[in-house]
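A.B. asks: Quick one: this structure, given as structure tokens, is what I'll be asking you about.
The values are calculated or read from the model by the stated rules, or taken from the named source; none is laboratory data. Predicted model only: the values in this text are computed from it and were never measured. All Cβ positions, glycine included, derive from the backbone under ideal geometry; neighbour counts span all protein chains shown. Surface accessibility is based on the protein's heavy atoms, side chains included, excluding ligands, DNA and RNA. Shrake-Rupley method; radii C 1.70, N 1.55, O 1.52, S 1.80 Å.
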Amino acid sequence: MKKILIVGDFLTGSGLTRFIFNVFENLTGYEVYAIGYGNEKSDKIDKKCNLKGWKFRRIIPVTTNPLKHWLEWRKILKEKQFDIIYFNYSSSWNFLPLKIAKKYQQGKIVCHSHNSFYSHAFKNRILMFMLNRLNEFGKKVFYKDSDIKIATSNEAAKWMFGSDKNVNIINNGIRISDFIFDSQSRKIIRKKLNISSNEILVGFVGVLQKRKNPLFVIEVFNEFHKEKPNSKLIMIGRGELKQEIVKKVNNLGLSDVVKLLDYSDEINKLYSAMDILVFPSLYEGFGLVPLEAQVSNLPIFVSINIPISVCVTPAVTRIAGFKVKKWKDQMLKFKAHRTAIVDNNLYKYSSATQFKEIDDLLEK
């Protein structure tokens, strides 16, 4: 049996991790090994991998101790040979694991770009300058040393490899059936959240980092709530901005109408419970959340920084710039028309379709 090593952040609530589980659960004929480079104390991911029969281990994050991180990679890749090493990354600056794989492995090296900017950026200008230089060099390494290059969009390809030439653009996939609007789930979840039938539930789903723009969501909701006092906001995600968000919510006197959830295994049901989704990211490699929400026919308001390929149905309204009034005015125009009928254009984004494209590349 062939051996495949799947590399990713493996973090609860991460879109990249959702991609890995959505797509590679269809994998057959391989003994699956997985490495998580993200820092998480929960054992949820470990248990999920064990249930799938995957051999999972977590290595020390490069941002915690670069030397130990790279030495762990060297030990792993010297000890065992894999037929495929599948790297899932958001940027190119940590290119040494790829160089180590190139040196010690005989199998194919696959690099999959999932973003169009850094997952984490530094505030310090000197550190950012160094990071940018490393990233520019890393693009050349990723382009040269990858046997198969994949990206979620043209923007993500250029970000990771410096070019979209000879890069396979494969849209992210989801399990369509999981996200179909369900009126029964809507009633159950809204009752659980104490949302009455005549209240408007605005939603935000994403990691609480600057790139997802969650503080802007609070500002927009504050103005929306002034005109629609029967509205509430639910924010689903975790991240370093959580305390700042809580502070802002309290300062604006919104604590009674804003609810924060670290993560939910019922995200598909929560889409059914919402009336509006706000997704004002500063940049995205693709954007799984608005794709999932479109299956549920949820009115979605996104920034124009989201790749146009994600905006498949009329449910999506793209907004240029980040003027609070502009977003609020657009949201006030929302029309609730929930149905369990899935737009046919969404089926090309199924995880089964995506897996077939990836599997065909791996088998070449």
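A.B. asks: Using θ = phi - 60° and the Karplus curve 6.51 cos²θ - 1.76 cosθ + 1.60, what whole-Hz ³J(HN,Hα) does each residue of segment 99-113 get, with Gly and Pro shown as x?
C.D. replies: Per-residue couplings from phi come out as 5, 5, 4, 5, 6, 9, 10, 9, x, 6, 9, 10, 10, 10, 8 Hz.
A.B. asks: Moving on to the next point. Kindly sort R18, R57 by accessible area of their heavy atoms, largest first, with the probe set to 1.4 Å.
C.D. replies: Ranking R18, R57 by accessible area, largest first, yields R57, R18.
A.B. asks: Cα centroid distance between segment 291-337 and segment 119-185, in Å?
C.D. replies: Cα centres, segment 291-337 to segment 119-185: 23 Å.
A.B. asks: Does segment 83-128 come out rounded, prolate or oblate by the C-alpha gyration tensor, with a ≥ b ≥ c the root eigenvalues, rounded set by a/c under 1.5 and, if not, prolate when a/b is larger than b/c and oblate if not?
C.D. replies: Oblate, because a/c is 1.5 or more while a/b does not exceed b/c.
A.B. asks: Going down the table (K232/K328; K44/K247; K269/K325; K55/K80; K212/K232), which pairs top 23 Å between alpha carbons?
C.D. replies: K44/K247; K269/K325
A.B. asks: Quick one: order S255, S92 from most to least accessible surface, probe 1.4 Å.
C.D. replies: Result of the area sort, largest leading: S255, S92.
A.B. asks: Let me ask something additional. Below 8 Å between Cα atoms, with a sequence gap of 6+, how large is the relative contact order for segment 301-364 in percent?
C.D. replies: 31 percent.
A.B. asks: Around I319, which amide H atoms from residues at least 5 apart in sequence, or from another chain, sit under 5 Å from its own amide H, with H modelled in the peptide plane?
C.D. replies: Under 5 Å from the amide H of I319 lie the amide H atoms of V302, S303, I304, each far enough along the sequence or on another chain.
A.B. asks: A follow-up question, please. Quick check: pseudo-label points 7 Å beyond the Cα along Cα→Cβ at D262 and K192, how many nm apart are they?
C.D. replies: 1.6
A.B. asks: Let me ask something else about it. With an 8 Å cut-off on Cα pairs and a minimum separation of 6 or more residues, tell me the relative contact order of the chain in percent.
C.D. replies: About 15 percent, as a whole number.
A.B. asks: At a threshold of 8 angstrom on Cα-Cα distance, excluding pairs fewer than six apart, so keeping six or more, what relative contact order does segment 179-256 reach in percent?
C.D. replies: Value for segment 179-256: 35 percent.
A.B. asks: How large is ³J(HN,Hα), in whole Hz, for each residue of segment 78-83 in order, when computed from phi with the Karplus curve 6.51 cos²θ - 1.76 cosθ + 1.60 and θ = phi - 60°, using x for Gly and Pro?
C.D. replies: For segment 78-83, the Karplus-derived couplings read 7, 7, 9, 8, 10, 6 Hz, x marking Gly and Pro.
A.B. asks: If you take volume of the Cα convex hull per residue in Å³ from the coordinates, which of [x] 130; [y] 140; [z] 228 do you get?
C.D. replies: [y]
A.B. asks: Can you tell me the orientation of helix 125-145 relative to the chain, as the angle in degrees between its alpha-carbon axis and the longest Cα principal axis, to the nearest 10?
C.D. replies: Between the helix axis and the principal axis of the chain, the angle is about 60 degrees.
A.B. asks: Whose amide H sits under 5 Å from the amide H of V258, counting only residues 5 or more places off or on another chain, with H placed in the peptide plane?
C.D. replies: L233
A.B. asks: Could you give each residue of segment 239-251 its phi-based ³J(HN,Hα) in whole Hz, using Karplus coefficients 6.51, -1.76, 1.60 with θ = phi - 60°, and x for Gly or Pro?
C.D. replies: Going residue by residue, I get x, 5, 8, 4, 5, 5, 5, 4, 4, 5, 4, 5, 5 Hz, with x marking Gly and Pro.
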